[in-house]
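Notes for the one structure printed next.
Where a number appears in this text, it was derived from the coordinates with a stated rule and is not lab data. Note that the structure is a prediction, hence the values are computed from the model and not measured. Glycine gets a Cβ as well: all are built from the backbone with ideal geometry, and neighbour counts include every protein chain shown.
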Amino acid sequence: MEQAEIGVIGGSGLYDLLQNAESQELETPFGTPSGPFSVGEIGGVRVAFVARHGPGHRIPPHRINYRANVHGFKQLGVRQLISVSAVGSLKEEIVPGHLVLADQFFDRTKAREATFYDELAVHIGFAQPVCEPLRQHLKVEAGALGFPHHDGGTYVCMEGPAFSTRAESFFHRSLGASVIGMTNLPEAKLAREAEICYATIALATDYDCWKVEEDAVEVGAVLEILRSNVAKASELLAQVVPQLGGRSCACHTALQGAVMTDMSLLTASERQRFHELLGRFMPAGG
């Protein structure tokens, strides 16, 4: 199996980032990922990519197998994961076309499988849900490239697939949130549980529906702005990824002290299911 240190998850428009890419089909203990992983290089650094909505954008946000996607990155050896995703702006100053490097999340989802550890007691710290050193790399390079961007902010993760009602949009603004999307919160939690650094490049495509003088969100308009934003994200990744090889981070030991279950009590099938994630906590020979 080809290995990669850096992972990117986003839309199919990012496939062109990778050089010498090969496709890999993976199966995980948590099911099948959204699609095949593409493993190649950016600036000499090995990178794995998967389109979160699958080939042809067939999978809606509430049906994505987030656990399989993140576990797939873990199987490939990924230690740092960068998300690229479209969001609605909840602030006047976050203009469609701007990038937002969020540092917090607010969960408004209803029916997501957002933990690997349904059968175990694993209580992981999540007060700072984004890897700050990784986020800082993105911020510095976005500035160097001259891209309009916002340093920090709260990403509200809603269930979808419908966009917000106007009442919901006003409520989220009253919380002081910056942007709203449908995908990043499960990814961030699972990445932390897998001891993978996670940061997001949020691409503002619209003003959600709170700005009454603007038209409500329309998919066509969103896609038009998104296409131009993807070009910026691609250029940003091309600058950042070559700097990331070999770095270590506290995210890589996030499970230390978080595993409450006695690992000696796991069955053989449970040891196999959780080996990639918790192997170092299992008794020798188990």
Residues satisfying the stated conditions in segment 105-150, i.e. farther than 17 Å from C251 by Cα, in contact with a Cys (Cβ under 9 Å, 6 or more places away or on another chain) and either part of a loop (DSSP other than H, G, I, E, B) or β-branched (V, I, T) (or both): T109, R112
Failed criterion for Y155 (all others in (1) among the hydroxyl-bearing types (S, T, Y); (2) in a loop (DSSP other than H, G, I, E, B); (3) farther than 30 Å from Q272 by Cβ hold): (2)
Filtered residues of segment 161-213 (kept if crowded, with 24+ Cβ neighbours inside 10 Å, under 22 Å from Q136 (Cβ atoms) and of a type in the set (D, E)): E187
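So that you can scan it fast, the table gives a plain yes or no per residue for (1) over 24 Å from S83 (Cβ atoms); (2) out of contact with any strand residue (DSSP E or B) (no Cβ under 7 Å at 6 or more places or on another chain); (3) among the hydroxyl-bearing types (S, T, Y); (4) not in a helix (DSSP H, G or I):
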{"site": "L236", "(1), (2), (3), (4)": "no, no, no, no"}
{"site": "Q239", "(1), (2), (3), (4)": "no, yes, no, no"}
{"site": "P242", "(1), (2), (3), (4)": "no, no, no, no"}
{"site": "G246", "(1), (2), (3), (4)": "no, yes, no, yes"}
{"site": "H252", "(1), (2), (3), (4)": "no, yes, no, no"}
{"site": "G257", "(1), (2), (3), (4)": "yes, yes, no, yes"}
{"site": "S264", "(1), (2), (3), (4)": "yes, yes, yes, no"}
{"site": "S269", "(1), (2), (3), (4)": "yes, yes, yes, no"}
{"site": "R273", "(1), (2), (3), (4)": "yes, yes, no, no"}
Residue match in segment 61-69 (condition: among the β-branched types (V, I, T), over 13 Å from the mean Cα position of the chain (by Cα) and surrounded by fewer than 24 Cβ atoms within 10 Å (Cβ to Cβ)): no
Single condition L175 does not satisfy, out of (1) farther than 24 Å from R227 by Cα; (2) in contact with a helix residue (DSSP H, G or I) (Cβ under 7 Å, 6 or more places away or on another chain): (2)
Residue match in segment 30-37 (condition: in contact (Cβ under 8 Å) with a residue 60 or more places away in the chain and crowded, with 24+ Cβ neighbours inside 10 Å): no
Filter result for C131 (buried (at least 16 other Cβ atoms within 10 Å of the Cβ) and free of Cβ contacts under 8 Å to residues at least 60 places away in the same chain): no
